[in-house]
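To keep things clear, I will list the structure first and then write my remarks on it.
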Amino acid sequence: MEFVIRISQFLLSLSLLIVLHELGHFVPAKLFKTRVEKFYLFFDIKFSLFKKKIGDTVYGIGWLPLGGYVKISGMIDESMDKEQMAQPAQPWEFRSKPAWQRLIIMLGGVTVNFILAYIIYVFVAFIYGDKTTKIESLKDGYWIENEFLQNLGFKTGDKILAVNDIKVINDYDVRSNIIGAERITIKRNGQEQVIDLPEDFLGQFTSAKSKELFERRIPFMIGTVRDSSLNKSFDIKEGDIITTIDGKPLRYFDQLDSLMADYKNQTLAVELLRDEETITRQLKVDDKGKFGFQPAYDNDRFAELGYYDIAIQTYTFGESFGAGATDFVETLNKYGAQLKAIFNPSTGAYKGVGGFKAIYSIFPSVWSWQAFWVLTAFLSIMLGVLNLLPIPALDGGHVMFLLYEMISGRAPSEKFLERAQLVGFIILITLVLFANINDWI
């Protein structure tokens, strides 16, 4: 079921972004009376799942979900239609239009991406508000499970005060400022310490076995009971919180392993908090020292029980436009910082570049419209920025040559553009293969 939920969110988000991006090219092309031969969601190599011709345009859905495209008459693109380009230019063709019109057509896709992201952030702010966790409310610090972070000197219970020289106020500030960070200031046992990060921190982190960063300390709330659990037939419910084991208090889930080390293959008296009532159960421990429960890692009740404080900032419809703009600019700047780190080999950030599997994995395993729209906004920004890269075969490559034409007064030859398109396509395929192979490695 988890796969179905994630793949559904992934395909819905991808389809929405592709259709609207291509619509950004389609609409100005039509406004400037440029013929659009095809408008496709996904690629139709050899055959289509669906197609219908309306006017001059064939609308369809391909079988290969790696993107989408519009085929504009008289434009040198990935179709490499040399026969059409060998014919005299026609008034309805892309190449016959003034440079400024062609520029608007090529910028239409990324413009829609950025506008879409902004609109999503506006409505997310208006409907859901901003939910933040104050750092000072994490009274017993963070849960540091990642061995890589432990080797750098971090320990469970550390309180994070600053990343570089930026004081952190909210839990989100830690993650959002980690890219390019050189040091982190913590408080441990009442004493401040500075932990220096290696230059290739991002590379080492993405290569580490665990991908957990600084996690909030949470109780042992039962999410699901595994089929293999020895306690499956017992009166255990999702949402029960284990508070004591054999008379020993269990405040945080991260204390479980040390507490259970001596109880393999035993039956223990366990106290659970169910709603507002404390109940006792005799639970069996397997030969690995486990109860066979899958914990819940995020639940609104954690805040209600005092594990941390959640502050919710609400906005009027008018205020949400400013809040949406702030979220848009912050996301754009942070994605720019990620790209900068990726293109700097010394950071090792390129090791974390992922493809479709990585995008699929960021969607939650339970359906959440808020998470879906926030992730879609981020992916829309990502798609817009990547399409602006000056690589032939991308929108940015076409824009680069059009700007050259407008400044110099001379258009590159069609033969040059064909060769550049081929080189760009090879670069693009190489990057896509690298990202997706990186996913599996």
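Between A371 and R410, what FRET efficiency follows from the Cβ-Cβ distance if R0 is 30 Å, with the result rounded to 0.05? Walk me through the numbers on the way to the answer.
Numbers: r = 49 Å, r/R0 = 1.64.
With R0 = 30 Å, the Cβ-Cβ based efficiency is 0.05.
Axis angle, to the nearest 10 degrees, between helix 369-387 and the longest C-alpha principal axis of the chain: 40 degrees.
Cα centroids of segment 405-441 and segment 119-186: 38 Å apart.
Using a cut-off of 13 Å between beta-carbons, work out the net charge of the residues near L197 (Lys and Arg +1, Asp and Glu -1, L197 not included).
-3
Accessible area per residue for the chain is 54 Å², calculated with a 1.4 Å probe on protein heavy atoms, without ligands, DNA or RNA.
Report the trypsin sites (Lys or Arg not before Pro) located in segment 276-366 that are in a DSSP loop and have at most 13 other Cβ atoms inside 10 Å of their Cβ, or state none. Before the final figure, lay out the partial values.
Numbers: sites: R281, K284, K288, K290, R301, K334, K340, K351, K357; in loops: K288, K290.
Of the trypsin sites (Lys or Arg not before Pro), the ones in loops of segment 276-366 whose Cβ has at most 13 other Cβ atoms within 10 Å are K288.
Using the beta-carbon distance between E319 and F3 and R0 = 22 Å, what value does 1/(1 + (r/R0)^6) give for FRET efficiency, to the nearest 0.05?
On the way: r = 39 Å, r/R0 = 1.76.
Plugging the Cβ-Cβ distance into 1/(1 + (r/R0)^6) gives 0.05.
Quick one: divide the alpha-carbon radius of gyration of the chain by 2.2 N^0.38 Å and tell me what you get. Kindly include the intermediate steps, with their values, before the conclusion.
Working: Rg = 26.8 Å, N = 441, 2.2 N^0.38 = 22.2 Å.
Taking the Cα Rg and dividing by 2.2 N^0.38 Å, one obtains 1.20.
Note on V194 and R301: their simple-model spin labels are 4.4 nm apart, each label 7 Å out from Cα toward Cβ. Among the lysines of segment 215-305, pairs at least eight places apart or on separate chains and with Cα atoms under 20 Å apart come to 13.
Here the extension length gained between T280 and I115 equals 53.9 nm, from 0.36 nm per residue of separation less the Cα-Cα distance. Scanning residues 5 or more positions from K38 or on other chains, those with amide H under 5 Å from its amide H are V58, K71, with H placed 1.01 Å from N in the peptide plane. Cα extents for segment 290-386 along the principal axes, largest to smallest and rounded to whole angstrom: 49, 44, 24. When you work out D = kT/(6 pi eta Rh) for segment 334-441 at 20 °C and 1.002 mPa s, using the Kirkwood radius from C-alpha pairs as Rh and the Stokes-Einstein form, the result is 134 µm²/s. The C-alpha radius of gyration of segment 165-264, expressed as a fraction of 2.2 N^0.38 Å, stands at 1.47.
Shape annotation for segment 1-147: C-alpha extents along the principal axes are 74, 36, 33 Å, from largest to smallest.
Leaving out ligands, DNA and RNA, and with a 1.4 Å probe, what % of the accessible surface on segment 83-127 is carbon or sulfur?
Working: 1540 of 2160 Å².
Here carbon and sulfur together make up 71 percent of the probe-accessible area.
Here the scattering of segment 357-403 is modelled by Debye summation over its C-alpha atoms, one equal scatterer each and no solvent; at q = 0.14, 0.17, 0.22 Å⁻¹ the log10 of I(q)/I(0) is -0.48, -0.60, -0.75. Computed in the context of the full set of protein chains, the accessible area of segment 318-398 at 1.4 Å probe radius has 67% of its extent on carbon or sulfur.
Of the accessible area of segment 142-254, computed with a 1.4 Å probe over protein heavy atoms only, carbon and sulfur atoms account for 45 percent.
Compute the helix-to-body angle for 317-342: its Cα long axis versus the longest principal axis of the chain, expressed 0 to 90° and rounded to tens. Value to nearest ten degrees: 90.
The values are calculated or read from the model by the stated rules, or taken from the named source; none is laboratory data. Every value quoted in this text rests on a predicted model; they were computed, and no experiment measured them. All Cβ positions, glycine included, derive from the backbone under ideal geometry; neighbour counts span all protein chains shown. Ligands, DNA and RNA are stripped out before the accessible areas are found, and what is left, the full protein with its side chains, is counted by its heavy atoms. Shrake-Rupley method; radii C 1.70, N 1.55, O 1.52, S 1.80 Å.
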